[in-house]
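Asks: This is the structure I want to talk about, given as structure tokens.
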Ligand code: GLN
């Protein structure tokens, strides 16, 4: 048996075990696909291709399209849909020798913070099954945290990789908006959406991000930035200034989360970095701003699911087209998606556009300007914050109250609105539950952010604090 076939068999075994224990992290995978992937990479290697991810099994959030499996977005409305093309990120992963292992469960259309809004059932937290893995990329996070795959792709519109990474105790990296192609990522909020990466370690996540990053003629918002480089962890952080934004440390912050950030801050200081207080005053408005703009963009993006072009169709009385739309969309979308479409349509409607949508755009600019000011010459090089206000919460705890669910995003939304790169890194446990810290960097500074994270990962690991 070849090495790659052996590797593919191992992944299949772990996927089977994860399914058997009811993790519910995958929506599709098959032994045939894995065998085909192994044969494909074998052939690439045989042809002498350079394969930076040779044989690395990677799971994909099921809002990233692939030709060899259905893409569901965890929604009934896409039942039976199969993409005629691979997303650019998938094409790049395949060319780099990765084995596409599985399509992972998510909140329907990536709307949620717990993966409880999937039409196919919730994903269990890998070590605490009564809790949520976070969301919306909860299936991808759970597969990495459970050791099924070393890395996975998720997507971020407003924190959907950093937040589950924090809850599951793994690394989650959101690149700068424009760094990674969105071609083949099913659109949610087009001005915010970013394909993002989970890894067991900073190194795994960095290697995957370096492969998927880069300009793509299929996505006009991708930028011709200097390529990402894989930098070694610096031995010393002397001369590096890291800001602690006061607004991200409220008095009622969970004590375990605060302890995690304190550990990270102490480790960074021990490496020579200077930690300085800063202020990002408009971040306080990030959650309400995000929950106006993201639904507005979602309402227009999701207009395409009309029962005519994609997925399911529910037909009303003959000749009644609006009845077809109503029946299809009423049955095909879950409650949270319908809520977003209603909110989004409302804030875009005549008479409310200025009061909500336009106002939110203005606040978005103020939120972004705070970061620009913090990172200006003479200011800080990075920011350090908690990723989430609490460790993983219990399943069912927030489903009845959408606003409490939205507040799980309180420390991750501002970065998304500002389009900046940021990541979550494990910083220890609080009563047995993982807590993460967030590192935020200036636009297109992913390489330096990841190098800093490697240094911090090593320091925290060496202190016996993590994993
Ligand atoms: N929790 C946020 C939402 O529900 C973020 C989702 C995301 O980043 N995809 O919209």
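FYI, it's all coordinate maths here, none of it is from the lab. Here the structure is a predicted model, which means the values were calculated and not measured. Don't worry about glycine lacking a Cβ; one is built from the backbone with ideal geometry, like all the others, and counts go over all protein chains shown.
Asks: Nearest 5 is fine: what % of DSSP beta bridges in region 1-160 come out antiparallel, could you say?
Replies: Percent antiparallel among DSSP bridges in region 1-160 is about 20.
Asks: Any idea what the relative contact order of region 322-447 is, in percent, if you count C-alpha pairs under 8 Å spaced at least 6 apart?
Replies: 23 percent
Asks: Would you calculate the separation in nanometres between label points at residue 31 and residue 17, each defined as 7 Å from the Cα along the Cα-to-beta-carbon direction?
Replies: Going by the 7 Å Cα→Cβ label model, 1.7 nm.
Asks: Something else about it: Using Cα pairs under 8 angstrom and six or more residues apart, how large is the relative contact order of the chain, in percent? Spell out each step's value before the answer.
Replies: Working: 1112 pairs, mean separation 81.1, N = 467.
Dividing the mean separation by the residue count of the chain yields 17 percent.
Asks: Among 30, 447, which comes first, second and so on when ranked by fewest other beta-carbon atoms within 10 Å?
Replies: 30, 447
Asks: For 174, 103, what ranking results if the residue with the fewest other Cβ atoms within 10 Å of its Cβ goes first?
Replies: 103, 174
Asks: If we count other beta carbons within 10 Å of each Cβ, what is the order of 207, 179, fewest first?
Replies: Arranged by neighbour count, lowest to highest, 207, 179 become 207, 179.
Asks: Between residue 401 and residue 229, with labels modelled 7 Å along Cα→Cβ, what's the label distance in nm to one decimal, could you check?
Replies: Result: 5.0 nm between the two label points.
Asks: Counting only helical runs of four or more DSSP H residues, what would the 222 nm mean residue ellipticity of the chain come to if each run contributes -39,500 (n - 2.57) and the total is spread over all its residues?
Replies: -11500 deg cm²/dmol
Asks: Taking only C-alpha pairs under 8 Å that are 6+ residues apart, what is the relative contact order of region 174-249 in percent?
Replies: For region 174-249, the relative contact order is 30 percent.
Asks: Hey, another quick one. Mind ordering 180-193, 314-327 by average Cβ neighbours within 10 Å, highest first?
Replies: Listed from highest to lowest mean packing, they are 180-193, 314-327.
Asks: State the antiparallel share, in %, of DSSP beta bridges confined to the chain, rounding to the nearest 5.
Replies: 65 percent
Asks: Would you kindly work out the equivalent ellipsoid of the chain from its C-alpha gyration tensor and give its semi-axes, the square roots of five times the eigenvalues, largest first in whole Å? Kindly include the intermediate steps, with their values, before the conclusion.
Replies: Numbers: eigenvalues 202, 163, 85 Å².
For the chain, the ellipsoid semi-axes come out as 32, 29, 21 Å.
Asks: Could you calculate, for region 257-303, the ratio of the Cα radius of gyration to the Kirkwood radius, expressed as Rg to Rh?
Replies: Ratio of gyration radius to Kirkwood radius: 1.29.
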